[in-house]
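Peer 1: Sharing a structure with you now.
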Amino acid sequence: MTSSTSILSIEPAAGSLGAVVTGLDLTAELDPATLAALRKAILDHLVVFLPDQPMTLDDLERLTDDLGGRDTTPFVRPVADRPYVIRVIKEPEDELNFANAWHTDLSYLPAPPAYTLLHAWDVPAHGGDTVWANQQAAFDTLSSGLQETLVSLRAVHSAGMAYGTGGYLESVRDKTSMAIEPSPDAHRHQVHPVVTRHPRTGRPALYVNPVYTTRLDGWSPVESQALLGHLYRHAVSENFTCRLRWRRHTLAIWDNRCTQHNALNDYRGVRREMYRTSVVGTAPVPFRS
């Protein structure tokens, strides 16, 4: 197997997060120094965009392993013979796309993924952008009083609203080509800190999202609504975001522990095809024990 050795070029994409990374070939195995530089770029910028990477699924899985190992995605049927890869597809006749709401990937799991990788194979000429929001900046800009309140709280997460039997995605399955597999298991609950500590940098980040967070632990849904609603709005302020206009063969890698993202559904009658993998993560820990 060939090996890629390079000096990365890193250009910030926005003020809050995001960077365009060039100067490496992901169709070849990365040497340790290049891989370390890529890891640092993700830590520094939270999401990185790597254009002009004509990767195969083998290449995508190899890079996923290099970043920490492959993880499965529940409730979505994977690519045949590739249990760790899902196809993110919108056909021209589909009304809905996948992940068109602010969320953090798989926050309903005991140990959500550390990173997500998404590789573009077929994209519209315009539309279909993805937007990311920096959840460390979201926490940093809260008042000190609210910060002190939040670090002591935990929240309940569940995939039930989206993937549960009788849930949203089952009700709209005729409007999408995504291979969704609704399950009663999606209604299980998982509790995580509202403010988490990053395992590498130690920085605090908000860790609630409107798709998978159902209530604050020990609070009723009604009691939780006002505070969570405020956090949901604050967390995705334009001041904390960056936006990617996809091109064929662009790879995006983001730190799932401290970002939210939203795949925009502003394109009709055209095709968009991506392939996604996840890197194994660890259980979120509270910023302050």
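Peer 1: Any chance you could count how many residues in the range 150-180 are over 23 Å from ALA111 (Cβ atoms) and in a loop (DSSP other than H, G, I, E, B)?
Peer 2: Adding up the residues that qualify gives 7.
Peer 1: Can you go through THR282, THR277, THR241 and tell me which one is within 16 Å of the chain's Cα centre (by Cα), within 20 Å of THR64 (Cβ to Cβ) and crowded, with 19+ Cβ neighbours inside 10 Å?
Peer 2: Selected residue: THR277, the only one of THR282, THR277, THR241 that is within 16 Å of the chain's Cα centre (by Cα), within 20 Å of THR64 (Cβ to Cβ) and crowded, with 19+ Cβ neighbours inside 10 Å.
Peer 1: Examine the range 74-86 for a residue that is buried (at least 21 other Cβ atoms within 10 Å of the Cβ) and within 15 Å of the chain's Cα centre (by Cα), and state whether such a residue exists.
Peer 2: There is at least one residue in the range 74-86 that is buried (at least 21 other Cβ atoms within 10 Å of the Cβ) and within 15 Å of the chain's Cα centre (by Cα).
Peer 1: Please verify whether the range 106-122 includes one or more residues that are open to solvent by 30 Å² or more (accessible area, probe 1.4 Å), over 17 Å from the mean Cα position of the chain (by Cα) and modelled with pLDDT of 95 or more.
Peer 2: There is at least one residue in the range 106-122 that is open to solvent by 30 Å² or more (accessible area, probe 1.4 Å), over 17 Å from the mean Cα position of the chain (by Cα) and modelled with pLDDT of 95 or more.
Peer 1: Right, another one. Please enumerate the residues belonging to the range 126-171 that are in contact with a Ser or Thr (Cβ under 9 Å, 6 or more places away or on another chain), among the β-branched types (Val, Ile, Thr) and open to solvent by 10 Å² or more (accessible area, probe 1.4 Å).
Peer 2: Those that are in contact with a Ser or Thr (Cβ under 9 Å, 6 or more places away or on another chain), among the β-branched types (Val, Ile, Thr) and open to solvent by 10 Å² or more (accessible area, probe 1.4 Å): VAL131, THR141, THR165.
Peer 1: Another question, if that's okay. Confirm whether ARG173 is free of Cβ contacts under 8 Å to residues at least 60 places away in the same chain, of a type in the set (Lys, Arg) and within 30 Å of VAL85 (Cβ to Cβ).
Peer 2: Answer is yes for this residue.
Peer 1: Next question, about the same structure. Would you mind stating whether ASP217 is of a type in the set (D, E, K, R) and open to solvent by less than 10 Å² (accessible area, probe 1.4 Å)?
Peer 2: No.
The values are calculated or read from the model by the stated rules, or taken from the named source; none is laboratory data. All figures in this text were calculated on a predicted structure; none of them were measured in a lab. Positions of Cβ are backbone-derived with ideal geometry, glycine not excepted, and every protein chain shown enters the neighbour counts. Remember, those area values only see protein heavy atoms, side chains included, never the ligands or the DNA or RNA. Shrake-Rupley method; radii C 1.70, N 1.55, O 1.52, S 1.80 Å.
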